[in-house]
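Since the structure comes first, as structure tokens, the remarks are kept for the end.
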Amino acid sequence: MFAFDKPLTWIIILVIVLLIFGAGKLPDIGRSLGKSIKEFKDETQNGIDGDKVSTPNNVNTSTLATPVSSAPLNSATSAPAPTIRRRIIKHPDGREEVIEEPIS
């Protein structure tokens, strides 16, 4: 019977994989497998609620509408503070650009 608990079985499987893919491709295969597992884990933890909205790859998900000043909003003597929308765009060369837009 074929069992995976014997060391000889694992050695044979590793030799066959090494012959098929070659020594140069094994790190790339392991790296992509690790990324896939991490992405699957993140999606199962964060995507269960279904409230996650898909965004383009270059826009950070921390786009928020935040008050500009720290004045209280329910004060009867002052108007509500203006709010801004802040977007962080990640460029392919590693730069990050912050764009602030007023919301009226």
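What follows is calculated from the coordinates using simple rules that are stated; it is not laboratory data. The shown structure was predicted, so the numbers you read here are calculated from the model rather than taken from an experiment. Using ideal geometry, Cβ is built from the backbone for each residue, glycine included, and neighbour counts are taken over all protein chains shown.
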Checklist entry - With θ set to phi - 60° and the Karplus curve 6.51 cos²θ - 1.76 cosθ + 1.60, what are the ³J(HN,Hα) couplings of region 85-91 in order, to the nearest whole Hz, using x for Gly and Pro? => result 9, 10, 10, 10, 9, 9, 8
Checklist entry - Taking the Cβ of Arg31 as the center, what net charge do the other residues with Cβ under 12 Å away carry, scoring Lys and Arg +1 and Asp and Glu -1? => result +2
Checklist entry - Rounded, prolate or oblate: which fits region 7-46 when a ≥ b ≥ c are the square roots of the eigenvalues of the alpha-carbon gyration tensor, with rounded for a/c under 1.5 and prolate only if a/b beats b/c? => result oblate
